[in-house]
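These notes concern the structure reproduced below.
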Amino acid sequence: MSSFQTVRGMRDFLAEEAKMMRYIEGKARRIAELYGYKEIITPVVESYELLAAKAGEEVRLRMYTFKDLGGRMVALRPEFTPSVARLVATTLKNEPKPFRLFCVGSLYRYDEPQRGRYREFWQSNFELMGSNKPEADAEILMLTSDLMKSAGLKNVTFKVGHVGVLRGIMKSEGLKEKTQNSVMQLMDKKQYEEAFKLIEKAEASQKCLDTFRKLVELKGGEILETLTKLKEHVKHYDEASIAVENLKEILELFSATECKININVDAGFARGLEYYTGMIFEVYVPELDIALGGGGRYDKLIELFGGEPTPAVGVAHGLDRIMLAMQKQKACLELKEKKKAMVIPTKEGLKGTALKISNILRKAGITVEVEVMGRKMAKALEDADRRGMDYAVIVGERELKENAVVVRDLRKREQTTVKIDKIVSAIKA
């Protein structure tokens, strides 16, 4: 007899972890509500073509792809943005802008499993579509900051860059888009020397190479100072200079909100997805070397899917990674503890009454488990204790004649006889 294991890179969440995941998901939903983002639900399986269009080589190679029974190439979604962009390009195309859309669920990538990186992972995803203004980018940073705070995380750092800086330089040097994409992929993986070799091979100028080397070194420090240096480094490149100006506007707006968050400007920062066109960012805590979330601006994606030109900015938060960070920082869950009771019939013939009483308590919002194992009273009480019950409701023949039951407070080890119609107030009190 073989003992089945989970498929590599997948995992089970037991009750405590599942509770924590749902708690974080609840926080993300609350942020969506506070910022006016409407929830949509998109399919887990999408056409391969849609998902591969602008995902970037790294993601394309790691997608779970297969032919369905109709012979179509499909894939499990590795991220949410293409599905949302597809909706905006088709079904929602005539709706008034901006769109504020929210989704939450599981995603799939064939990555090498390691701490905080699984092949099935969970995200909450926020997309703000229709605005090309810096305040839209600032909003995405703000809501991310709010989510991290509401999860109780400390010492959160935002790493922020702008795709337009690196792409602007390469474009003015005449580098083809394919080469640009490869350079960005390498820089995303911090393989800078390989990236520089590619730039050299594409016959870019020495000035271009020198600028790239300077940008990779430029990170951290005081925001305005870093941006001033960045502007100086790229002054010979018009598009890159405009990008720096745009990043400055976004960060000035974000600073004006007085969100107390540590921002680290990183000039050589790139993300693996090809569709980014503007500001990009990732979120970190000191205890983990993996991003808890990330996103940025992508102004061409909806057009690519046949929609109207629609500027857009978005973010994905890794719910299971936030959970890992909370465990590392020993962050507390602020849960309203509900009263829990175990209803125990003293004999066979009282099961129906026990179920009826459990029903009365549940309608009043009390969590109830009924003893269903046929245990003797002492064992049943022991079990109620082990399950963290607050009360045991003992249904006995003698008390029932008086229309009453015994309510035992398992914490205080006290018990009283209570009329059935007073049982809810006895437990809630």
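Bear in mind that the values in this text are calculations on the coordinates, not laboratory data. All values derive from a computational prediction rather than experimental measurement. Note: ideal-geometry Cβ built from the backbone for every residue, glycine included; neighbour counts use all protein chains shown.
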Cα-based helix-to-principal-axis angle, 15-35 vs the chain, degrees rounded to 10 | 60 degrees
What does the charge count near Asp68 come to, summing +1 for each Lys or Arg and -1 for each Asp or Glu among other residues with Cβ under 15 Å from its Cβ?
-> +1
Amide H contacts under 5 Å for Val370, restricted to residues at least 5 apart in sequence or on another chain and with H modeled in the peptide plane, are Val343
For the range 206-222, Karplus couplings with θ = phi - 60° (6.51, -1.76, 1.60), whole Hz, Gly/Pro x = 5, 4, 4, 4, 4, 4, 4, 4, 5, 5, 4, 6, 8, 7, x, x, 5
For labels at Asn403 and Ile290 in the simple 7 Å Cα→Cβ model, what's the distance in nm?
-> 6.0 nm
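Could you sort the peptides 303-315, 12-24 by per-residue average Cβ neighbour count (10 Å cutoff), highest mean leading? Can you show the working numbers first?
Working: 303-315: 18.9, 12-24: 13.4.
Listed from highest to lowest mean packing, they are 303-315, 12-24.
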Per residue of the range 387-404, in order, report the coupling 6.51 cos²θ - 1.76 cosθ + 1.60 (Karplus, θ = phi - 60°) as ³J(HN,Hα) in whole Hz, putting x for Gly and Pro.
-> 7, x, 6, 8, 9, 10, 9, 9, 9, x, 4, 4, 5, 4, 4, 8, 6, 9
From the C-alpha gyration tensor of the chain, square roots of 5λ in Å | 54, 23, 20
Kindly flag which residue pairs out of Lys27/Lys176; Lys363/Lys401; Lys38/Lys219; Lys330/Lys422 have an alpha-carbon separation exceeding 32 Å in this structure.
-> Lys27/Lys176; Lys38/Lys219; Lys330/Lys422
Take every Cα pair under 8 Å in the range 255-373 that's 6+ residues apart, average their separations, divide by the length, and report that relative contact order as a whole percent.
-> 15 percent
So, with points 7 Å from each Cα along the Cβ direction, the Lys171-Lys207 label distance in nm works out to 1.8 nm
Could you work out how far the C-alpha centroid of the range 1-45 sits from that of the range 114-142, in angstrom?
-> 16 Å
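Please state, as a whole number in µm²/s, the translational diffusion coefficient that the Stokes-Einstein equation yields for the range 340-428 at 20 °C and 1.002 mPa s, with Rh defined as the Kirkwood radius across alpha carbon pairs. Walk me through the intermediate numbers first.
On the way: Rh = 12.6 Å.
It comes out at roughly 170 µm²/s.
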Arrange the peptides 58-71, 364-377, 238-251 so that the one whose residues have, on average, the most other Cβ atoms within 10 Å appears first.
-> 238-251, 364-377, 58-71
In debye to the nearest 20, the charge dipole size for the chain, taken about the Cα centre with +1 at each Lys and Arg Cβ and -1 at each Asp and Glu Cβ, equals 1880 debye
What residues of the range 150-177 lie in the reach of a label at Glu200, counting those whose backbone N is under 19 Å from a point 7 Å from the Cα along Cα→Cβ?
-> 170, 173-176
Euclidean distance between Cα centres, the range 76-97 to the range 178-229, Å | 32 Å
Cβ under 13 Å from Lys260's Cβ, Lys260 left aside: what net charge do those residues give with Lys, Arg +1 and Asp, Glu -1?
-> 0
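Let me check I've understood the local charge: for Glu249, count other residues with C-beta under 12 angstrom from its C-beta, Lys and Arg +1, Asp and Glu -1. What total comes out? Could the numbers behind the result be given before it?
On the way: positive: Lys133, Lys248; negative: Glu135, Asp137, Glu245, Glu252.
Every neighbour counted, the sum reads -2.
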Residue by residue, what Karplus-based ³J(HN,Hα) values in Hz, rounded to whole numbers, does the range 363-378 have, using 6.51, -1.76 and 1.60 with θ = phi - 60° and x for Gly and Pro?
-> 4, 8, x, 9, 6, 10, 10, 9, 5, 10, 9, x, 6, 5, 3, 4
Taking the range 53-180 and dividing mean pair separation by its residue count, relative contact order in percent (alpha carbons under 8 Å, at least six apart) = 17 percent
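Which whole-number percent gives the relative contact order of the chain, counting Cα pairs below 8 Å spaced six or more residues apart?
Numbers: 737 pairs, mean separation 70.6, N = 429.
With pairs under 8 Å counted, the relative contact order is 16 percent.
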Cα→Cβ-extended label distance, 7 Å offset, between Lys133 and Tyr23, nm = 3.8 nm
If amide H atoms are modeled at 1.01 Å from N in the peptide plane, then the residues at a separation of 5 or more from Tyr275, or on another chain, having amide H under 5 Å from its own are none
In degrees between 0 and 90, to the nearest 10, how far off the longest principal axis of the chain does helix 223-233 point, with axes built from Cα atoms?
-> 30 degrees
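Can you tell me how much longer the chain between Lys338 and Lys260 gets when fully stretched, taken as 0.36 nm per residue apart minus their C-alpha distance, in nm with one decimal? All intermediate terms of the calculation are to be shown ahead of the outcome.
Working: separation 78, 0.36 × 78 = 28.08 nm, distance 3.35 nm.
Gain on stretching Lys338 to Lys260: 24.7 nm.
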